[in-house]
1. Please determine whether any residue of the range 114-131 is surrounded by 19 or more Cβ atoms within 10 Å (Cβ to Cβ), under 20 Å from M24 (Cα atoms) and aromatic (F, W, Y).
2. Applying the selection to the range 376-392, what residues are open to solvent by less than 100 Å² (accessible area, probe 1.4 Å) and over 21 Å from E417 (Cα atoms)?
3. Residues in the range 98-116 that are part of a strand (DSSP E or B) and within 20 Å of C218 (Cβ to Cβ): how many?
4. What number of residues within the range 132-161 satisfy the criterion of being touching a residue at least 12 places away in the same chain (Cβ under 8 Å), part of a helix (DSSP H, G or I) and surrounded by fewer than 14 Cβ atoms within 10 Å (Cβ to Cβ)?
5. Listed residues S103, S91; which is at negative phi and of a type in the set (S, T, N, Q)?
6. Restricting to the range 302-325, and then to whatever is of a type in the set (A, V, I, L, M), modelled with pLDDT of 95 or more and open to solvent by 20 Å² or more (accessible area, probe 1.4 Å), can you tell me which residue is nearest to D261 (Cα to Cα)?
7. Tally time: how many residues in the range 173-201 are in contact with a Ser or Thr (Cβ under 8 Å, 6 or more places away or on another chain) and aliphatic (A, V, I, L, M)?
Amino acid sequence: MTRKFFGTDGVRGTANTYPMTAEMALRIGAAVGRYFRRNKSVAHRVVIGKDTRRSGYMFENALTAGLTSTGMNVLLLGPVPTPAVGLLTHSMRADLGVMISASHNPAIDNGIKFFGPDGFKLSDEAETEIEALIESGVEPVQARNIGRAKRIDDGRFRYAERVKSTFPPGQRLEGIKVVIDCANGAAHRTAPEVLWELGADVIPVGVAPNGFNINHECGSTQPRLASETVVAHGADLGICLDGDADRAILIDETGAAADGDQIMALLAARWADEGRLKGGALVATVMSNLGLERFLVDRGLRLERTAVGDRYVVERMRAGGYNLGGEQSGHIVMTDYATTGDGLMAGLQFLAEMVRTGHRASDLVQSFEKVPQLLKNVRFKPGQAPLTEDSVQRAIADAKVQLGDKGRLLIRKSGTEPLIRVMAECEDNALLNATVDQVVAAVEATF
């Protein structure tokens, strides 16, 4: 069944534009409250976190109104990373967790994503049922059964202690200079504090949110600021988080960036050597580089690929009993420690390997040689469906024939933005560019 509101990671869009309006947030809150309030004889609770977007205030209040109208008691965490919501939903015995964030998107966007009582994101099936409730509407509870709302002041401190507990006992970060770019987002206080408490010399950037500068010229999608800061300060490592801190891109001491594929390769190899890599496999998406797959195969390990979205990575991990997965974009999921991607936690695991080996970051961030990969995004307008056009399908088929067994082609519609993503991998750069460009041209010709 095609879902109307939910994408690959909750509901997302431009704030104050359908479906990301206060009215819709109220309806969503009521629907999800009704879905999780199965037993009317017991108290139900939901935790709500948010990032630093100005529109977060509006959505926080609207969701609270919808949830309390169905009898749910709401615990407001304020600005916290997305993984903190997953953690606290479970640890506080809540029936539901809600994160208000558009992740790496610009400040004008916002989103709503949900966690079940186990701290994991909801399944497609659950979201489909919630969509039906959004459209049909729900009956509010009687006046005496309306829920309450309460501020929780120590949410980020609880999360910080959990993150620190994942760092190897007895290890410290003394003598290591770390640039932490918090993207003016949800971890702008937590991340620098955690690194400092573990002994690092911390240089924070992107830690002055004003409601409109989240992800602006900083963070995991724009690591130039962190790269320049690392070089200028002679830092040993840079960690670039995104707006809700569930992903990370690393910067070595030379200013070069390393994506999620390289981080996962390092951790998978290390965990396999230690006998910690469950199932002998790493779970990643179709976007991960072919070089990562070859690296794993050479070590007798497997790469399990999923659809794009850290939620699908986690679902495959849980189904197969795997404990390490993630995305090229920097979501690193370690289910021994967390229920979703955690950028700060991933950065700490990398730092732990630096401490253990005594190696520089540049020695650790290039575990494998990447197969040349080209990704181009084509923005389309609402109502357009370019991938259904015969001309586009013919162009895709022709491109696959041209690539043959020399590479691979992936075309998909983004689940978080109105974009068609055209990606190819091939060791022949001329062929790589030609195949991507012909598909992009075919898509653009439909407008």
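1. Among the residues of the range 114-131, at least one is surrounded by 19 or more Cβ atoms within 10 Å (Cβ to Cβ), under 20 Å from M24 (Cα atoms) and aromatic (F, W, Y), which makes the answer yes.
2. Of everything in the range 376-392, just one residue is open to solvent by less than 100 Å² (accessible area, probe 1.4 Å) and over 21 Å from E417 (Cα atoms), namely S391.
3. Number of matching residues: 3.
4. Summing the residues that are touching a residue at least 12 places away in the same chain (Cβ under 8 Å), part of a helix (DSSP H, G or I) and surrounded by fewer than 14 Cβ atoms within 10 Å (Cβ to Cβ) in the range 132-161 gives 2.
5. Exactly one of S103, S91 is at negative phi and of a type in the set (S, T, N, Q), namely S91.
6. Looking at residues that are of a type in the set (A, V, I, L, M), modelled with pLDDT of 95 or more and open to solvent by 20 Å² or more (accessible area, probe 1.4 Å), I get L303.
7. Residues in the range 173-201 being in contact with a Ser or Thr (Cβ under 8 Å, 6 or more places away or on another chain) and aliphatic (A, V, I, L, M): 3 in total.
Yes or no, residue by residue, for (1) over 30 Å from L237 (Cα atoms); (2) touching a helix residue (DSSP H, G or I) at 6+ places or on another chain (Cβ under 9 Å); (3) in a helix (DSSP H, G or I); (4) at pLDDT below 95:
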{"position": "D363", "(1), (2), (3), (4)": "no, yes, yes, no"}
{"position": "F368", "(1), (2), (3), (4)": "no, yes, no, no"}
{"position": "P382", "(1), (2), (3), (4)": "yes, no, no, yes"}
{"position": "R394", "(1), (2), (3), (4)": "yes, yes, yes, no"}
{"position": "D398", "(1), (2), (3), (4)": "yes, yes, yes, no"}
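The values are calculated or read from the model by the stated rules, or taken from the named source; none is laboratory data. For clarity, every value in this text was computed on a predicted model and none was experimentally measured. Neighbour counts are summed over all protein chains in view; Cβ atoms, including those assigned to glycine, are modelled from backbone coordinates with ideal geometry. Heads up: the accessible areas ignore ligands, DNA and RNA and are worked out on the full protein's heavy atoms, side chains in. Shrake-Rupley method; radii C 1.70, N 1.55, O 1.52, S 1.80 Å.
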